[in-house]
Amino acid sequence: YDPSTGTWTTTANMSIARYYHTASTLANGSILVAGGYNTANLNSAELYNPSTGTWTTTANMSIARFIHTASILTNGKILVAGGNGTSGYLNCAELY
């Protein structure tokens, strides 16, 4: 979305359709999309490059989760915590 013009521009599709995921901006400007749901909990993650408009897959999370949180830490890492897993609510966390 370009707020100066009020217009949306289409870009490439993610590798996996998902909802209830998180999206976090990394220090280098890329966007990390992690987890979510698509017929089952997802542990996959993808990186969006705004300069090229392309997606690449990155390392999977250890635990498949959706409705979780993702926080950008001062050291640039992303803390993914909680959510819903295959056995119910999660109290675990992991770093990207």
For Y48, the lone unmet condition from (1) farther than 16 Å from L95 by Cα; (2) assigned to a loop (DSSP other than H, G, I, E, B) is (2)
Here the qualifying pairs (Cβ atoms under 6 Å; residues six or more apart or on different chains; first in region 5-21 and within 29 Å of G83 (Cα to Cα); second of a type in the set (S, T, N, Q)) come out as A12/T54; S15/T57; I16/S44; A17/N38; R18/N38
Filter region 51-60 for residues that are surrounded by fewer than 19 Cβ atoms within 10 Å (Cβ to Cβ) and touching a residue at least 12 places away in the same chain (Cβ under 8 Å); the one that is farthest from G88 (Cα to Cα) is S51
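Could you tell me whether A27 is among the hydrophobic types (A, V, I, L, M, F, W, C), on the phi < 0 side of the Ramachandran plot, outside any strand (DSSP E or B) and surrounded by fewer than 17 Cβ atoms within 10 Å (Cβ to Cβ)? If you could, list the steps in order and put the result at the bottom.
Numbers: among the hydrophobic types (A, V, I, L, M, F, W, C): yes; on the phi < 0 side of the Ramachandran plot: yes; outside any strand (DSSP E or B): yes; surrounded by fewer than 17 Cβ atoms within 10 Å (Cβ to Cβ): yes.
Yes, satisfied.
With the structure loaded, tell me whether A40 is within 24 Å of N84 (Cα to Cα) and either among the polar types (S, T, N, Q) or surrounded by fewer than 16 Cβ atoms within 10 Å (Cβ to Cβ) (or both) or whether it fails that test. If you could, list the steps in order and put the result at the bottom.
Working: within 24 Å of N84 (Cα to Cα): yes; either among the polar types (S, T, N, Q) or surrounded by fewer than 16 Cβ atoms within 10 Å (Cβ to Cβ) (or both): yes.
So A40 passes the test.
Yes or no: G35 more than 14 Å from the chain's Cα centre (by Cα), within 15 Å of L95 (Cα to Cα) and in contact (Cβ under 8 Å) with a residue 12 or more places away in the chain? Show your work before the answer.
Numbers: more than 14 Å from the chain's Cα centre (by Cα): no; within 15 Å of L95 (Cα to Cα): yes; in contact (Cβ under 8 Å) with a residue 12 or more places away in the chain: yes.
Against the criterion (more than 14 Å from the chain's Cα centre (by Cα), within 15 Å of L95 (Cα to Cα) and in contact (Cβ under 8 Å) with a residue 12 or more places away in the chain), G35 does not qualify.
Every number here is computed from the coordinates shown, using simple stated rules; none is lab data. In this text the structure is predicted, and so the values were computed from the model without any measurement. Neighbour counts run over all protein chains shown; Cβ positions are idealised from the backbone, glycine included.
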